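Only one structure is covered here, and it is reproduced in the block below.
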Amino acid sequence: MMFQEFRKEIDWGGRKLTLETGKVARQADGAVIATYGDTKVLCTVVAEKTPRPGIDFFPLAVHYVEKAYAAGKIPGGFFKREGRPGEKEILTSRLIDRPIRPLFAPGYKNEVQVICTVLTHDLENDPDVPAMIGTSAALCISGAPFMGPISGCRVGMIDGAFVLNPTCDQMTETKLDLFVAGTQEGVLMVESEAHELSEDDMLGAVMFGHKANQDVIKGIIELASACAKDPVDLPAEPEGKKALADKVKALAEDGLRDAYKETVKQLRQEKISAVKAKVAEDLAADDSIDQDLVGAALGGILKKLESDIVRRDILDTGKRIDGRDTKTVRPIAAEVGVLPRTHGSSLFTRGETQALVVATLGTGQDEQIIDDLANDHRRTFMLHYNFPPFSVGEAGRFGFTGRREIG
């Protein structure tokens with residue numbers, strides 16, 4: 001046979017969920033086609049074989065891509081081709097990223113790229129659910145050090161009853177749009193919109209979704225037991241890292257503790273930066289230390305040291321870094337009409353955090369036309385969120401709207 005295929009079918013929410021691997025995208029480390037109803041999503045995982053040098057973070061990238069052909073459409077515009085990711089694609093990419101990121105082995109620095117491509121959309125089942133499930137399955141068979149599996153589902157509420165993965169038509173009736181992702185042991189992520197439901201209803205919906213996810217997790221485990229690649233060997237902790245961490249602690253701990261006693265944010269950041277700069281200078285002057293190790297590990301060591309200091313101080317003293325106890329809110333101030341020619345404006349301040357909000361009223365001609373796979377519709381309320389670098393006192397990237405600003 002040309003293909004060695006593996007397939008797992010799960011009866012889930014009155015519909016069949018199918019996970020298939022072995023036929024498409026065979027050069028990826030893991031590739032699964034997740035089918036729910038007639039909605040199909042190809043989820044692929046590729047992990048580099050060596051760590052990316054000189055970084056102190058996990059380089060994971062998740063891309064959810066909707067192709068117009070999936071709904072029998074031709075892309076609009078002059079070139080008739082898909083352009084940059086739309087809002088739905090970015091939101092779904094981040095939805096998938098959040099529950100899988102913390103499940104990779106600590107210290108794993110190999111670049112991992114996840115691509116979820118919507119192949120068909122039946123206009124009934126939203127592709128984000130099979131995309132998350134397919135990603136989890138692809139990671140579990142890829143050999144990457146992923147401590148899953150996870151599953152994700154959508155929970156609706158119609159006529160007082162919870163509904164698992166409501167269809168697009170049912171979404172117009174539901175009082176709840178809740179996405180729950182988790183492992184066998186617990187819930188990892190919850191994202192929701194609701195029409196003023198009680199706390200008991202919300203908690204019940206979360207537990208309903210968590211229980212429903214168990215059937216899928218069991219199916220992914222069975223699929224992985226049949227076809228998963230051997231897990232990669234994690235690199236041993238670099239020789240000398242513990243000694244470096246001890247040296248950094250000796251150099252920085254007292255200075256950082258003193259800096260975190262400063263209640264004014266700007267002054268505190270200046271003191272912290274000065275301590276870090278002095279540590280880097282002292283380490284650079286020490287010929288007995290591997291400077292490549294310093295470049296790769298110093299940021300993470302300092303971050304953990306800061307976290308330990310702040311956490312311990314809060315537990316020991318009951319005070320946070322700005323001097324408040326654990327029950328006191330920051331000072332709040334609000335004013336309206338701060339801009340003279342806008343339809344509405346306000347400035348809201350809470351401690352060091354500020355939001356300048358501007359409202360503009362329009363007509364029917366100003367409605368936003370949304371052309372996505374499910375249908376074409378018009379949006380009459382638009383919320384644009386901007387997070388410029390100056391808002392945190394930094395000189396950073398400025399230009400196109402970032403993924404975090406969209407969702």
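Distance distribution P(r), the chain, all Cα-Cα pairs, bin width 20 angstrom from 0: 20, 49, 30, 1 percent.
If you filter the range 107-212 for GluC sites (Glu not before Pro), then keep DSSP loop positions with at most 15 other Cβ within 10 Å, what is left? Each step should come with its number before you reach the end.
Working: sites: Glu111, Glu124, Glu173, Glu185, Glu191, Glu193, Glu196, Glu199; in loops: Glu124, Glu173, Glu185, Glu196.
Within the range 107-212, the qualifying GluC sites (Glu not before Pro) (loop, at most 15 other Cβ atoms within 10 Å) are Glu173, Glu185, Glu196.
The label point for Lys303 and the one for Lys67, both projected 7 Å from the Cα toward the Cβ, are 3.6 nm apart. Here the chain carries DSSP beta bridges of which approximately 90% are antiparallel, counting only pairs with both residues inside. Tell me, how many Å apart are the Cα centres for the range 210-276 and for the range 277-346? Between the Cα centre of the range 210-276 and that of the range 277-346, the gap is 16 Å.
Could you please rank Thr172, Thr349, placing first whichever residue has the fewest other Cβ atoms within 10 Å of its Cβ?
On the way: Thr172 8, Thr349 15.
Starting with the residue having the fewest Cβ neighbours, the order is Thr172, Thr349.
Near Ala105, the amide H atoms lying under 5 Å from its own belong to Met147; only residues 5 or more places off or on other chains count, and H is placed 1.01 Å from N. Using only the Cα atoms of the range 1-140, build the gyration tensor, take square roots of its eigenvalues as a ≥ b ≥ c, and label the shape rounded, prolate or oblate: rounded if a/c is under 1.5, else prolate if a/b is larger than b/c, else oblate. Oblate.
Note on the chain: helix-only mean residue ellipticity at 222 nm, from DSSP H runs of 4+ residues weighted -39500 (n - 2.57) and normalised by residue number, equals -10500 deg cm²/dmol.
For the range 30-58, the residues whose amide N sits under 15 Å from a probe point set 7 Å from the Cα of Cys168 along the beta carbon direction are 36-41.
Roughly speaking, what is the stretch gain from Asp325 to Glu9, that is 0.36 nm per residue apart minus the C-alpha to C-alpha distance, in nm to one decimal? Mind showing how you got there, number by number?
On the way: separation 316, 0.36 × 316 = 113.76 nm, distance 5.25 nm.
Gain on extension, Asp325 to Glu9, equals 108.5 nm.
For His63, the residues whose modelled amide H falls within less than 5 Å of its own, excluding neighbours fewer than 5 places apart on the same chain, are Val114, Ile115, Cys116. Relative contact order of the chain: 13 percent, from C-alpha pairs under 8 Å at least 6 residues apart in sequence.
What's the magnitude of the charge dipole for the chain around its Cα centre, counting Lys and Arg as +1 and Asp and Glu as -1 at the beta-carbon? Answer in Debye, nearest 20.
540
Of the chymotrypsin sites (Phe, Trp or Tyr not before Pro) found in the range 22-80, the ones in coil according to DSSP and having at most 16 other Cβ atoms within 10 Å of their Cβ are Phe57, Phe78, Phe79. A Förster radius of 45 Å combined with the Cβ-Cβ distance from Phe390 to Thr363 puts the calculated FRET efficiency at roughly 0.85.
Expressed in nm to one decimal, what extension gain is obtained for the pair Glu237 and Ile289 from 0.36 nm per residue of sequence separation less their Cα-Cα distance? Spell out each step's value before the answer.
Working: separation 52, 0.36 × 52 = 18.72 nm, distance 1.57 nm.
Going from the current span to full extension adds 17.1 nm.
Remark: the range 257-267, residue by residue, has Karplus-estimated 3J(HN,Hα) of 4, 5, 5, 6, 7, 6, 8, 8, 4, 4, 5 Hz, where x stands for each Gly or Pro and the curve is 6.51 cos²θ - 1.76 cosθ + 1.60 at θ = phi - 60°.
Amide hydrogen proximity for Ser151: with H placed 1.01 Å from N in the peptide plane, the residues at 5 or more positions away or on another chain lying under 5 Å are Gly182. Please list, in order, the residues from the range 177-201 whose amide nitrogen is less than 12 Å from a point placed 7 Å along the Cα→Cβ vector of Met207. Inside the label zone: 200-201. Taking 22 Å as the straight-line reach from the Cα of Lys211, the lysines in range (excluding those fewer than 8 positions away in the same chain) are Lys8, Lys16, Lys175.
Every number here is computed from the coordinates shown, using simple stated rules; none is lab data. Keep in mind it's a predicted model, so treat the numbers as computed, not measured. Glycine also receives a Cβ, built like all others from the backbone with ideal geometry; neighbour counts cover every protein chain displayed.
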